[in-house]
Amino acid sequence: MTNRVMLISPAMNTSLRAARFDDGCSLDAVGASHARSAAGALARAGRALVSPTARCRQTASALGLDADDAPGLAGLDVGRWRGRTLDEVGAAEPESVALWLRDPAAAPHGGESVHDLCERVGVWLDEAAHVPGRTVAVVEPDVVRAVTVRVLGAPEPAFWRIDVPPLTAAELSGRAGRWNLTLGRPLERAEDD
C-alpha cells in the first residue's frame, strides 16, 4: 500500500514577515489572496488536517479544505518567546538563543525542544504510514523541517538549515514506513486550457 502525504506551509502573515514566533496572528490580505488563488492546485485527498494555529486554519480554509485539527502536527512550542521576534529574544537572551540553536535538546524558552518536536512528528509519521490514500495537511514551517529531518534520517541540527517558503508543498510517498520526499513545490493554480 502506497501512502501519500502533502504538507503545505501556511500563507504569509505579519508575524512571518517580521520573523516573529507565532503569536496567533491571522493571515494578511496578500497571504489570504495567494492562498485563495492556489485553491485549485491541490489533488483530491482522503483526509485533510491542519496545525492548530490561526494562520494554518485560515490557509486551509482559503485553499478550500475542510480540515480536522491535528494536535500532533502543532508547531514548535517556544514557551515564553511566543510573540517576540528572534532579534528581540537574541538581544535580551543571547546565551539562551545560542544554546537553543546549537543544542536540539535545549528548551531555554520553557517550551518544547527541537528534539521533542522531531520525536513528536516522527510518531505522527509512523501513524501516517498506516493510513491508506492521500493526506493533505497545512502545517507550520517548523513541522515541515522536523518531518524532513526524520524522513532523511538527518541529524537534528540540520533542522536549522531547511527553509520552508509560504504556500509550498512537501510531498511524501512511501510504503512500509519508508518515505520519499519532494520539497518546495509552490502551490499555484493550474491554468485553464
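One table, with the values for the structure above:
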{"read-out": "Most mobile of HIS115, HIS34, HIS130 in a GNM of the chain (Cα contacts under 10 Å)", "value": "HIS130"}
{"read-out": "Region 88-193, accessible area per residue, ligands and nucleic acids excluded (1.4 Å, Å²)", "value": "52 Å²"}
{"read-out": "Given the chain, longest segment not containing exposed loop trypsin sites (Lys or Arg not before Pro) (DSSP; at most 13 other Cβ within 10 Å)", "value": "45-188"}
{"read-out": "Apportionment of accessible area to carbon and sulfur, region 47-186, percent (1.4 Å)", "value": "51 percent"}
{"read-out": "Listed residues GLY153, GLY75, GLY174, most fluctuating in the chain (Gaussian network, C-alpha, under 10 Å)", "value": "GLY153"}
{"read-out": "SER37-ALA92 pseudo-label distance in nm [points 7 Å out on the Cα-to-Cβ vector]", "value": "3.7 nm"}
{"read-out": "With eigenvalues of the C-alpha gyration tensor scaled by 5 and rooted, region 84-131, Å", "value": "29, 10, 7"}
{"read-out": "Whole-number D in µm²/s for region 51-147 (Stokes-Einstein; Kirkwood sum over Cα pairs; 20 °C, 1.002 mPa s)", "value": "145 µm²/s"}
{"read-out": "Length-normalised contact order for the chain - Cα pairs under 8 Å, 6+ apart - percent", "value": "33 percent"}
{"read-out": "Efficiency of FRET from Cβ geometry, ALA18 and ALA106, R₀ 25 Å, rounded to 0.05", "value": "0.55"}
{"read-out": "Kirkwood hydrodynamic radius over Cα pairs of the chain, then Stokes diffusion coefficient at 10 °C and 1.306 mPa s, in µm²/s", "value": "94 µm²/s"}
{"read-out": "Sites excluded, GluC sites (Glu not before Pro) in DSSP loops with at most 12 other C-beta within 10 Å, longest stretch of the chain", "value": "1-187"}
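The values are calculated or read from the model by the stated rules, or taken from the named source; none is laboratory data. This one's a predicted model, so the numbers in the text were calculated from it and none came from an experiment. Cβ coordinates were reconstructed from backbone atoms using ideal geometry, including for glycine residues, and neighbour counts include every protein chain displayed. All accessible areas refer to the heavy atoms of the entire protein, side chains included, with ligands and DNA or RNA removed. Shrake-Rupley method; radii C 1.70, N 1.55, O 1.52, S 1.80 Å.
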